[in-house]
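Here is the structure we will look at.
Values in this text are rule-based calculations from the coordinates and carry no lab data. Note that the coordinates shown come from a computational prediction; the quantities given were computed from them, not determined experimentally. Positions of Cβ are generated from backbone atoms using ideal geometry, with glycine treated the same way; all protein chains shown enter the neighbour counts.
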Amino acid sequence: MIPMSDKVYVYSVGMTKFGKFLDRGIKDLTAEALKAIKNDDDFNLSNIEAAWFSNTGWGMTDFQHSIRGQVALTPNGVDKVSITNVENACASGSTAFNGAWTAIKAGVVDCTLAIGTEKVYQEDRAKMMGGFATYTDVEMTRAMMEQMKKAAEKKRAEQANDQKDGEKKEKKGGHSVFMDFYAAGARGHMKKYGTTQRQLAAIAAKNHNNSTLNPYAQ
């Protein structure tokens with residue numbers, strides 16, 4: 001039994017650039033992230049004793065369920081070790097990191113890998129946007145969406161006479177359900193605290209400016 005470690009260190013980090021990679025798969029994107037680690041002269045993938053692989057969408061888009069980490073990591077040189085699959089929506093990556101950290105902290109192993117690979121963008125827009133709903137309580141989301149739909153229909157009916165010809169229509173395939181949640185949350189915040197559109201726009205502008213400084217941003 002390895003003694004519990006007082007300190008746990010992040011030895012090497014690698015990642016891919018954000019983008020819409022229609023011609024690339026999860027295995028390929030995983031390989032790119034691992035390549036950055038392998039480029040570290042003092043580190044070898046053979047040092048890894050256990051791995052945590054995070055992904056939420058592969059099963060929905062390509063029906064790759066159950067053993068996603070094994071499928072993505074084995075052909076990329078990480079095999080013959082324990083591989084734990086992690087699925088926890090937007091917290092999947094940090095959950096994988098926590099598992100990898102805990103194993104070292106507990107003295108079970110000396111070296112672990114925490115890696116997350118996700119491919120959200122798909123040509124099938126309906127499939128892509130529909131997947132976002134699974135990151136919520138689906139039963140509750142359906143009820144909320146039905147209420148929001150009825151409210152929107154009522155508002156459209158009231159404004160029918162003022163509707164302009166050629167009004168922009170939604171793209172075929174729908175949109176992310178989170179856009180509805182965020183919009184409702186923003187309206188609620190504006191009503192409760194007096195937040196203005198200009199203030200929200202300033203936040204968006206700040207975030208966009210930050211992205212221009214990040215070489216990995218889309």
Could you give each residue of region 18-23 its phi-based ³J(HN,Hα) in whole Hz, using Karplus coefficients 6.51, -1.76, 1.60 with θ = phi - 60°, and x for Gly or Pro? 5, x, 9, 9, 5, 9
Say the cut-off is 20 Å between C-alpha atoms; which of Lys149/Lys192; Lys35/Lys119; Lys27/Lys80 go over it? Lys149/Lys192
Sorted by chain and number, the residues with a modelled amide H under 5 Å from that of Ser82, at a separation of 5 or more or across chains, are Ala51
Neighbour cut-off at most 16 other Cβ (10 Å), DSSP loop, trypsin sites (Lys or Arg not before Pro), region 1-72: Lys7, Lys17, Lys20, Arg24
Classify region 26-116 as rounded, prolate or oblate from the Cα gyration tensor: take a ≥ b ≥ c as the square roots of its eigenvalues, call it rounded if a/c is under 1.5, otherwise prolate when a/b beats b/c and oblate if not. oblate
Got a sec to turn the phi values of region 140-151 into Karplus ³J(HN,Hα) couplings, 6.51 cos²θ - 1.76 cosθ + 1.60 with θ = phi - 60°, whole Hz, x for Gly and Pro? 5, 5, 4, 5, 5, 5, 5, 5, 5, 5, 5, 5
Hey, can you grab everything whose amide H is under 5 Å from the amide H of Asn88? Only 5+ residues off in sequence or another chain; H modelled, so Pro and N-termini drop out. Asn55
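Using the Kirkwood radius built from alpha carbon pairs, what does the Stokes-Einstein equation give as D for the chain at 37 °C and 0.692 mPa s, in µm² per second? Walk me through the numbers on the way to the answer.
On the way: Rh = 20.8 Å.
Translational diffusion coefficient: 158 µm²/s.
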Gly116's amide H: which non-local residues (gap 5+, or another chain) put their own amide H closer than 5 Å, with H modeled 1.01 Å from N in plane and none for Pro or chain starts? Ser54
Applying the Karplus parametrisation 6.51 cos²θ - 1.76 cosθ + 1.60 with θ = phi - 60° to the phi angles of region 47-52, what ³J(HN,Hα) value in whole Hz is obtained for each residue in order, glycine and proline being reported as x? 6, 5, 9, 7, 9, 10
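What number, in percent, do you get for the relative contact order of region 26-116 if the mean sequence gap of Cα pairs under 8 Å and at least 6 apart is divided by its residue count? Intermediate values should be presented prior to the final figure.
Values: 129 pairs, mean separation 34.3, N = 91.
Answer for region 26-116 is 38 percent.
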